[in-house]
């Protein structure tokens, strides 16, 4: 009879441990999804600022059509829904490069650099880039925690049984793209 109670106690403790681990996975998965949504909001804000920036620069540099088209194409690709974090990072990298070329064009026009509209847009874009970077750090920290749980023993057993998997980091591979475009209008 004592052996039966011991077996029953082991089964109950194991069941409680599985339930607790499952609930932690659910909380972690929801935190990863929430943090991605925050990054996505900032990316959309960035995408919304770009057409205004392009139009402002167009007013001063009408013959730079190729640069404007590149920025517009890159923005359209980056704003397309349904991308994974890795795909989004790649698309944002291309957009960052195109914005760098746009700011390089702006350097050649002193009147543009003095435009209050351009300066305000530049300031908003810089603030948005800072918020994207903060959101990316928060998202990647949550992904790291989730991935650690998925790989660590004994939670990896629960992950395997219930189909929890590693999440993708949001990072840019190219070092030149990793940093926001820096522009000095002084």
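Every number here is computed from the coordinates shown, using simple stated rules; none is lab data. Remember, predicted model here, so these are calculated numbers, not experimental data. Neighbour counts run over all protein chains shown; Cβ positions are idealised from the backbone, glycine included.
Structure notes:
- Our summary gives the stretch 1-103 a relative contact order of 23 percent, counting only alpha carbon pairs under 8 angstrom and 6 or more residues apart.
- Calculated P(r) of the stretch 82-142 - Cα pairs past 14 Å, %: 69 percent
- The stretch 2-178 - percent relative contact order, Cα under 8 Å, separation 6 or more: 34 percent
- Inter-part distance, the stretch 26-95 to the stretch 132-168, computed on C-alpha centroids, equals 25 Å.
- Scoring 45-53, 90-98, 21-29 by mean Cβ neighbours within 10 Å over their residues and listing the highest first yields 90-98, 45-53, 21-29.
- Answer label, with Cα extents along the principal axes in Å calculated from the coordinates and candidates [x] 91, 25, 24; [y] 41, 41, 31; [z] 50, 32, 24: [x]
- Value of [θ]222 nm, deg cm²/dmol, for the chain, DSSP H segments ≥ 4, -39500 (n - 2.57) each, nearest 500: -28000 deg cm²/dmol
- Likely footprinting exposure, 71, 12, 105, fewest C-beta neighbours within 10 Å first: 12, 105, 71
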